[in-house]
Amino acid sequence: MANSVILELFDDDRNSIKYELLDIVNYEEIEYAVMMKQYAVDGEVEIFQLKHTEDKSATLYKPVKNDYIIMQVYEMFKEKYQNDYKGHIKFED
């Protein structure tokens, strides 16, 4: 996509993984990032909870493991962007 925001995150083993930020979704007053690995061909998105430092100088991206939250955030994203990302993301029901 044009004007993509690419974020470099690190896993527990300090391996660098680049993600394209697709949207920030607010669910129950918590911010979640909907992201896809850069150059992903499978079209799968991943959901991360945003945690800002106290002084707002940095944001931590924590992978969401709760299936219910993942589905709620995914459905909100899908409802908003299904037509915009058609062919780029594999939307599933």
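The values are calculated or read from the model by the stated rules, or taken from the named source; none is laboratory data. Source: prediction; values computed, not measured. Positions of Cβ are backbone-derived with ideal geometry, glycine not excepted, and every protein chain shown enters the neighbour counts. Areas reflect the complete protein model, heavy atoms only, side chains present, ligands, DNA and RNA absent. Shrake-Rupley method; radii C 1.70, N 1.55, O 1.52, S 1.80 Å.
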* Near pairs, Cβ below 7 angstrom, 6+ apart or cross-chain, from segment 38-61 (without any contact (Cβ under 8 Å) to a residue 60 or more places away in the chain) to any residue that is open to solvent by 50 Å² or more (accessible area, probe 1.4 Å) and among the aromatic types (F, W, Y) -> F48/Y61; L50/Y61
* For segment 1-42, enumerate the residues that are among the acidic types (D, E) and in contact with a Phe, Trp or Tyr (Cβ under 6 Å, 6 or more places away or on another chain). => D23
* Candidate set from segment 14-55 (those that are open to solvent by 90 Å² or more (accessible area, probe 1.4 Å) and either within 17 Å of K80 (Cα to Cα) or among the acidic types (D, E) (or both)); member that is nearest to the chain's Cα centre (by Cα) -> E44
* Test E75 against the stated conditions and say whether it is open to solvent by less than 100 Å² (accessible area, probe 1.4 Å), modelled with pLDDT of 90 or more and charged (D, E, K, R). => yes
